[in-house]
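A short worksheet on the structure shown next.
The values are calculated or read from the model by the stated rules, or taken from the named source; none is laboratory data. These numbers come from a predicted model, not from an experiment. So basically every Cβ, Gly included, is an ideal-geometry build from the backbone, and we count neighbours across all protein chains shown. Note: accessible area is taken over every heavy atom of the protein model, side chains too, but ligands, DNA and RNA are not part of it. Shrake-Rupley method; radii C 1.70, N 1.55, O 1.52, S 1.80 Å.
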Amino acid sequence: MRPSVFVAEPPAAYRLRQPLVVDCSLLAAVLFDEPERDEALARMAGCELFAPHLLDFEIASVALKKSRQGLAEVTDCALTDYSALSLQQRPVDLAGQVALALRYDLSTYDAAYLWLAAELKAPLATLDRRLGEAAQRHLPSLE
């Protein structure tokens, strides 16, 4: 008798990757070759990366600061790498963002990352202690 159900799986490389919301601090470590670079890269490996739309402005701000510090060559390379990065940027609910900023005493910028992670039910990776602690309190409480 022939089986009635057939299951075939593609190679692991074609499976969906785990979503990960990444903030500017984490990406800046990678792009601008900061000391936390290797740890940040390891955490991002194999993940589908997400961030709120404000990320472009935050990366530009870091690039400006680095350029003013005389690191124009590093900045040029970082911006090139950033533009080639496979990262999905998403809009954020403004009321939800403000509510999270108030609840956890965060900037609205940081609250945008937390809101997106909660919306996607995805982990949030950051080097920012305050945001990281807020995410550790908030994300496990989601259903």
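Answer yes or no: is there a residue in the stretch 62-70 that is under 13 Å from Leu27 (Cα atoms) and either at pLDDT 95 or above or in contact with a Lys or Arg (Cβ under 7 Å, 6 or more places away or on another chain) (or both).
Yes, the conditions are met somewhere in the stretch 62-70.
Collect the residues in the stretch 16-71 that are open to solvent by 60 Å² or more (accessible area, probe 1.4 Å), closer than 19 Å to Lys121 by Cα and touching a residue at least 40 places away in the same chain (Cβ under 8 Å), keeping them in residue-number order. If you could, list the steps in order and put the result at the bottom.
Going residue by residue through the stretch 16-71, those that are open to solvent by 60 Å² or more (accessible area, probe 1.4 Å) are 16-18, 33, 35-39, 41-43, 45, 53, 56-57, 61, 64-65, 68-71.
Next, from what is left, pick out any that are closer than 19 Å to Lys121 by Cα: 16-18, 43, 45, 53.
Residues satisfying the conditions are Gln18, Arg43.
Is it true that Tyr113 is surrounded by 13 or more Cβ atoms within 10 Å (Cβ to Cβ), more than 20 Å from Phe50 (Cα to Cα) and touching a residue at least 12 places away in the same chain (Cβ under 8 Å)?
Details: surrounded by 13 or more Cβ atoms within 10 Å (Cβ to Cβ): yes; more than 20 Å from Phe50 (Cα to Cα): no; touching a residue at least 12 places away in the same chain (Cβ under 8 Å): yes.
Against the criterion (surrounded by 13 or more Cβ atoms within 10 Å (Cβ to Cβ), more than 20 Å from Phe50 (Cα to Cα) and touching a residue at least 12 places away in the same chain (Cβ under 8 Å)), Tyr113 does not qualify.
Please find, among Leu87, Leu142, the residue that is open to solvent by 50 Å² or more (accessible area, probe 1.4 Å) and either closer than 12 Å to Val22 by Cβ or touching a residue at least 12 places away in the same chain (Cβ under 8 Å) (or both).
Leu142
With the structure loaded, tell me whether Leu120 is in contact (Cβ under 8 Å) with a residue 60 or more places away in the chain, open to solvent by 40 Å² or more (accessible area, probe 1.4 Å) and under 22 Å from Ala45 (Cβ atoms) or whether it fails that test. Walk me through how you get there before you give the answer.
On the way: in contact (Cβ under 8 Å) with a residue 60 or more places away in the chain: yes; open to solvent by 40 Å² or more (accessible area, probe 1.4 Å): yes; under 22 Å from Ala45 (Cβ atoms): yes.
Here the answer is yes, as Leu120 does meet what is asked.
Might you check whether a residue that is open to solvent by 70 Å² or more (accessible area, probe 1.4 Å), within 27 Å of Glu34 (Cβ to Cβ) and not acidic (Asp, Glu) occurs anywhere in the stretch 93-107?
no
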